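What follows is a set of notes on a single structure, which appears directly below.
The values are calculated or read from the model by the stated rules, or taken from the named source; none is laboratory data. Keep in mind that this is a model prediction, so the values were computed, not measured. Ligands, DNA and RNA are excluded from the accessible area calculation, which covers all protein heavy atoms including side chains. Shrake-Rupley method; radii C 1.70, N 1.55, O 1.52, S 1.80 Å.
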Amino acid sequence: MTASKVFLAVIPATTMIVVVVFMPGIEHWLAALGKTAQAKLMLGRIGLALPYATGAAIGTIFLFAANGAAGIKAAGWGVVSGSGVAILIALLREGVRLAGIAGDIPKGQSVLGYADPATMLGASTTFLAGVLALRVAMKGNAAFAKAAPRRIGGKRAVHGEADWMKVQEAAKLFLDPGGIVVGERYRVDRDSVAAVSFRADDPSTWGAGGKSPLLCFDGSFGSSHGIVFAGSGGFKTTSVTVPTALKWGGGFVVLDPSSEVAPMVSEHRRKAGRKVIILDPSASGVGSTRSTGSGNMAARKKRTSSPSRPGL
């Protein structure tokens, strides 16, 4: 875990615990502001709930402030921890108080009936903050609603009805065993890094990219034609060309003037029982066919170790 993630996890948890531990007693100060007995009672009850509500507010504010950060999941787990400790402190305090008056409770009545509602209400706000934090810890930035126009649809489809295929349906249609790689079984827009700009040199921005199962088209249906558009450095080679060269089990021809893809995949295709033929213009025997083993190939493109961010 990086220093930034440790910071995001420790700061909210520590702040929430400190507030819950040292803020009690404020109820006496608030009660003193009341002019009547009823006002003093009301302010005193507010003071009992205030430490827990303040801790919940601090945790919630911290989550929204961390929205967009690559390590937001760490912040979520920090607030979850702080909320859990705050609730535990509330239960212990109330348990000690109830234990002290248990002997004075009339027979036939439960001591739980004398639990302080203000303390329970304050602990409940902390619990709600913990639920939000748990959602953030599981989904990251995707836990927050995105500002997007409402999708309009209708019987006539005037505004269009197209939508992304569900990942489960895509997995049935595009099987992993082999074929042309069209992406990964993964929605980057629903990952914790959805709001973070992708950087090839920063693994924290990759999300599950490069780790999820592949979606492969075996050419058994449709026109079998396709084209990939991306600018220079758009990871066309690492996301489509190289994975397809490793997964495709049939004949495969790659026009690769720089001769970069073939060195990466030729040995793998040989071991898979394919005959590899490389026509290398830089070789002394240019113009002749040089057989090197197993798998059909000539290849190219920029080699890189960072994963692309494909998604269906």
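Heavy atoms only, probe 1.4 angstrom, no DNA, RNA or ligands counted: give me TYR114, TYR52 ranked by accessible area, highest first. Mind dumping the intermediate values first?
Working: TYR114 95, TYR52 10 Å².
From most accessible down to least: TYR114, TYR52.
P(r) tail for region 164-236, what percent of Cα pairs lie past 20 Å? It would help to have the intermediate numbers written out before the result.
Numbers: 1049 of 2628 pairs.
Value for region 164-236: 40 percent of Cα pairs lie more than 20 Å apart.
Can you give the alpha-carbon Rg of region 3-137 over 2.2 N^0.38 Å, where N counts its residues?
Output field value: 1.21.
Return the subset of LYS172/LYS247; LYS139/LYS166; LYS73/LYS172 for which the Cα-Cα distance in this structure is over 27 Å, preserving the input order.
Details: LYS172/LYS247 17 Å; LYS139/LYS166 18 Å; LYS73/LYS172 31 Å.
With Cα atoms farther than 27 Å apart: LYS73/LYS172.
When the chain is treated as a GNM, springs tying every alpha-carbon pair under 10 Å, which of VAL254, VAL196, VAL19 comes out with the largest mean-square fluctuation?
VAL254
Keeping all protein chains in the complex and leaving out DNA, RNA and ligands, what accessible area do you get for ARG270 with a 1.4 Å probe, in Å² to the nearest 10?
Around 60 Å² of this residue is reachable by solvent.
Please report the spacing between the Cα centers of region 166-182 and region 1-61 in Å, no decimals.
The two parts, judged by their Cα centres, are 51 Å apart.
Tell me what the chain gives for mean residue ellipticity at 222 nm when only DSSP H runs of n ≥ 4 count, each as -39,500 (n - 2.57), the sum divided by the residue total, rounded to 500 deg cm²/dmol. Write down the numbers at each step before the final one.
Working: 8 runs with 132 residues, N = 312.
Helices in the chain give a 222 nm mean residue ellipticity of -14000 deg cm²/dmol.
Once the whole set of protein chains is in place, how much accessible area is left on GLU94, using a 1.4 Å probe, in Å² to the nearest 10?
10
Taking just the alpha-carbon atoms of region 1-63, what radius of gyration and Dmax come out, in angstrom?
My reading of the Cα-based Rg and Dmax gives 15.6, 54 Å.
Just to be sure I follow: if Rg is taken over the C-alpha atoms of region 37-88 and Rh is the Kirkwood radius over the same atoms, what is Rg/Rh? Mind showing how you got there, number by number?
Numbers: Rg = 14.9 Å, Rh = 12.5 Å.
Ratio of gyration radius to Kirkwood radius: 1.19.
What three numbers, in Å, describe the spread of the alpha carbons of the chain along their principal axes, ordered from the longest?
On the principal axes, the chain reaches 102, 52, 38 Å in Cα extent.
Would you be so kind as to identify all helices of the chain, as entire DSSP H runs, whose Cα atoms reach 18 Å or more along the helix's own axis and whose mean Kyte-Doolittle hydropathy is at least 0.0?
Values: long enough: 3-22 (27 Å, 2.16); 37-65 (40 Å, 1.20); 72-101 (44 Å, 1.26); 117-139 (33 Å, 1.11).
Qualifying helices: 3-22, 37-65, 72-101, 117-139.
Can you tell me which of GLY249, GLY103, GLY273 moves the most in a GNM of the chain? Springs connect C-alpha atoms under 10 Å apart.
Most flexible of the set in this elastic network: GLY103.
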